[in-house]
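> So that we are looking at the same thing, I have put the structure below in structure tokens.
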């Protein structure tokens, strides 16, 4: 059956299945998914890239309590659709997107008489699937388990982030997607903890690269993760731990369905090279678009932030006023005021500070503790966002004070009630023109498209950890070169980058040029800079000038070169300039000859490179640069930035 070149679906009732009935192909024909039923009526799928299997036969199905949606099926119809959509985002690797995909929905009839739809969408950068249920004959509506799996090649290699065990760690705040990535291990390597592996998960399988994640998560499901099937290179979708809810006495982590219902998309970016993975947009292509509304007030930008290096003692009026002045000097749009501002400064003086900042063209972002009783954190303001009434009171007050955004910390995990809590914060904040940044939080999963006021989320072991221990400081180079192939491919990441001066009590592992490259490479709607005002004052004029004129959005992005955990080079365009940056995650120097011809022609370039002294960088202006053979050397844990006009 050929795909219909219209946006509406067409269905047929099958009397016998042909190959065309059970296969879906990407628009360019390179990716193919085959659907099948076993002799027991169990749904299965496999995926091929250029004729080579990259996902072997893998399981599908659901366990809805009291209703068997795992086996005993027969295929009764298929429906095909061509998807052709254009959309824009305020944050991310590019501004405008054009999504083309072929979709086929397989409608299955269970022995109970219930029906299950399994939709597959194939675009040129990968494929995705989700489940659809319009109704069930019984009263059951709790999903006890999901059987979806992804079988990699026996020889596959994996780059995976461990999920923390719920209610462990500092004040019981885990999980927050703040563990390190385990890199280049055999697929199927046992997870050392019982909590599973986080998305996105990267694999090299049968000569191809595969990035597995999920998107389109709504309040009708929990956030999920992966677990290996013992002794195999196959991974199964699994639910959060039971403690990952707001109220463990009354709430269940398992999804409660409302019909008609659709699951989140399980996404699989597939490419013969890493360029196809890094440039994939499937994570936002399949996310739900924003509801109609005016989001022109959402302004991406940069923020000064005292807490990164100066910690709790800096959250007092005089220091925050100093950091407002710092943001104004740097032409940055925001200043983030962190923990305990309500006690140390108070609402009245924050209102005064907001007026002072506004006069300098700077907006304030205020920190909040999301928690109720699910952890033992004491930072304030706490427990002021728990109900709709509380949020309305708090957000109305902030709007009247001229506050531009909130940073909300310490969420309870990935259970369905917590997904509802996120949604409520985003939507209630939007009514009061407040941007949102979440820390101690889950993976965004494309939410920045659904909620445009969500400008960034942490979900990474961020810069602050490198100020606590030397061990983590020493891991930043290689972890950074892994996140750019995993965590930050689809979703904004608030790592809070760029330390150009010393860190108290810590020997910094990276060069200044590595640090300067991070704001180019790490994607975040509001980039909260870690460097303090006195550290910036010690930098050369050419560094300050670059950061004063730094882009707030990227129109285009291109992956240039790299390998997970080792090094990464990308080009991003803003206005009439291309910013090309690279970082080296290894302890040996790396000399590169890069082909930058894809960015077009360049009259001149401003180039920042490493020297033998990690605290200093070389700066030069070059004319008539050879873009086909641009040579640069990155020192151990070093980097570079080149701005082409």
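> Being touching a residue at least 12 places away in the same chain (Cβ under 8 Å) and not in a loop (DSSP other than H, G, I, E, B) is the filter here, so list the residues in the range 526-537 that pass it.
Within the range 526-537, 526, 527, 528, 533, 534, 535, 536 qualify.
> Out of all the residues in the range 560-572, which are buried (at least 20 other Cβ atoms within 10 Å of the Cβ) and part of a strand (DSSP E or B)? Steps first, please.
Of all residues in the range 560-572, those buried (at least 20 other Cβ atoms within 10 Å of the Cβ) come to 560, 562, 564-565, 567-572.
The answer is 560, 562, 567, 568, 569, 570, 571, 572.
> Just to check your reading of the model, which residue among 338, 414, 428 is on the phi < 0 side of the Ramachandran plot and out of contact with any helix residue (DSSP H, G or I) (no Cβ under 9 Å at 6 or more places or on another chain)? I'd like the intermediate steps shown before the answer.
Working: 338 fails: out of contact with any helix residue (DSSP H, G or I) (no Cβ under 9 Å at 6 or more places or on another chain); 428 fails: out of contact with any helix residue (DSSP H, G or I) (no Cβ under 9 Å at 6 or more places or on another chain).
None of the other options fit; the residue is 414.
> Please tell me if residue 233 is more than 22 Å from the chain's Cα centre (by Cα), buried (at least 22 other Cβ atoms within 10 Å of the Cβ) and within 24 Å of residue 60 (Cβ to Cβ). It would help to see each step written out before you state the result.
Details: more than 22 Å from the chain's Cα centre (by Cα): yes; buried (at least 22 other Cβ atoms within 10 Å of the Cβ): yes; within 24 Å of residue 60 (Cβ to Cβ): yes.
Considered against the rule, which asks whether it is more than 22 Å from the chain's Cα centre (by Cα), buried (at least 22 other Cβ atoms within 10 Å of the Cβ) and within 24 Å of residue 60 (Cβ to Cβ), residue 233 comes out as yes.
> Could you grab me the full set of residues in the range 573-590 that are farther than 20 Å from residue 274 by Cβ and in a loop (DSSP other than H, G, I, E, B)?
Listed by number, the residues that qualify are 575, 576, 587, 588, 589.
> For the range 47-62, give me each residue that is free of Cβ contacts under 8 Å to residues at least 40 places away in the same chain and touching a strand residue (DSSP E or B) at 6+ places or on another chain (Cβ under 7 Å).
First pass over the range 47-62, keeping only residues free of Cβ contacts under 8 Å to residues at least 40 places away in the same chain: 48, 51.
Answer for the range 47-62, where residues must be free of Cβ contacts under 8 Å to residues at least 40 places away in the same chain and touching a strand residue (DSSP E or B) at 6+ places or on another chain (Cβ under 7 Å): just 48.
> Take residues that are without any contact (Cβ under 8 Å) to a residue 60 or more places away in the chain and tell me which of the strands (runs of 3 or more DSSP E) falling wholly in the range 591-645 contain 3 or more.
604-610, 617-623, 630-634
> I'd like to check something: does the range 513-525 contain any residue that is more than 22 Å from the chain's Cα centre (by Cα), surrounded by 20 or more Cβ atoms within 10 Å (Cβ to Cβ), farther than 18 Å from residue 569 by Cα and in contact (Cβ under 8 Å) with a residue 12 or more places away in the chain?
Within the range 513-525, not a single residue is more than 22 Å from the chain's Cα centre (by Cα), surrounded by 20 or more Cβ atoms within 10 Å (Cβ to Cβ), farther than 18 Å from residue 569 by Cα and in contact (Cβ under 8 Å) with a residue 12 or more places away in the chain.
> Does residue 620 count as surrounded by 11 or more Cβ atoms within 10 Å (Cβ to Cβ) and either farther than 18 Å from residue 514 by Cα or at pLDDT below 95 (or both)?
So residue 620 does not fit the description; no.
> Turning to a different aspect of this structure: Which one is surrounded by the most Cβ atoms within 10 Å (Cβ to Cβ) among residues in the range 1-38 that are modelled with pLDDT of 50 or more, within 31 Å of the chain's Cα centre (by Cα) and assigned to a loop (DSSP other than H, G, I, E, B)?
26
> Could you list all residues from the range 105-136 that are part of a loop (DSSP other than H, G, I, E, B) and either within 24 Å of residue 490 (Cα to Cα) or touching a strand residue (DSSP E or B) at 6+ places or on another chain (Cβ under 8 Å) (or both)?
110, 111, 112, 114, 124, 125, 134, 136, listed by residue number.
> Could you please let me know if residue 490 is touching a strand residue (DSSP E or B) at 6+ places or on another chain (Cβ under 8 Å), in contact (Cβ under 8 Å) with a residue 40 or more places away in the chain and under 20 Å from residue 199 (Cα atoms)? Spell out how you get there, then give the answer.
Values: touching a strand residue (DSSP E or B) at 6+ places or on another chain (Cβ under 8 Å): yes; in contact (Cβ under 8 Å) with a residue 40 or more places away in the chain: yes; under 20 Å from residue 199 (Cα atoms): yes.
Yes, satisfied.
> Same structure, new question: Select, from 263, 269, 304, the only residue that is under 30 Å from residue 166 (Cβ atoms), buried (at least 23 other Cβ atoms within 10 Å of the Cβ) and touching a helix residue (DSSP H, G or I) at 6+ places or on another chain (Cβ under 8 Å).
That would be 269, the only listed residue that is under 30 Å from residue 166 (Cβ atoms), buried (at least 23 other Cβ atoms within 10 Å of the Cβ) and touching a helix residue (DSSP H, G or I) at 6+ places or on another chain (Cβ under 8 Å).
> Separate question: From the residues in the range 58-76 that are over 29 Å from the mean Cα position of the chain (by Cα) and either not assigned by TED's automatic domain parsing to the domain that holds residue 141 or not in a strand (DSSP E or B) (or both), which one is modelled with the lowest pLDDT?
That would be 66.
> Cβ-Cβ under 6 Å, sequence separation 6+ or interchain: first residue in the range 540-569 and within 27 Å of residue 589 (Cβ to Cβ), partner surrounded by fewer than 20 Cβ atoms within 10 Å (Cβ to Cβ) and modelled with pLDDT under 95. Which pairs?
558/598
> Would you check if there is a residue in the range 162-170 being surrounded by fewer than 18 Cβ atoms within 10 Å (Cβ to Cβ) and closer than 20 Å to residue 208 by Cα?
no
> With respect to residue 90, is the statement that it is touching a residue at least 60 places away in the same chain (Cβ under 8 Å), closer than 18 Å to residue 263 by Cα and assigned by TED's automatic domain parsing to the domain that holds residue 21 true?
Numbers: touching a residue at least 60 places away in the same chain (Cβ under 8 Å): yes; closer than 18 Å to residue 263 by Cα: no; assigned by TED's automatic domain parsing to the domain that holds residue 21: yes.
No, not satisfied.
> Let me ask something else about it. Could you pull out the residue among 484, 500 that is touching a strand residue (DSSP E or B) at 6+ places or on another chain (Cβ under 9 Å) and in contact (Cβ under 8 Å) with a residue 40 or more places away in the chain?
Step by step, each of 484, 500 is checked, and only 484 is touching a strand residue (DSSP E or B) at 6+ places or on another chain (Cβ under 9 Å) and in contact (Cβ under 8 Å) with a residue 40 or more places away in the chain.
The values are calculated or read from the model by the stated rules, or taken from the named source; none is laboratory data. These numbers come from a predicted model, not from an experiment. Cβ atoms come from the backbone with ideal geometry, glycine included; neighbour counts cover every protein chain shown.
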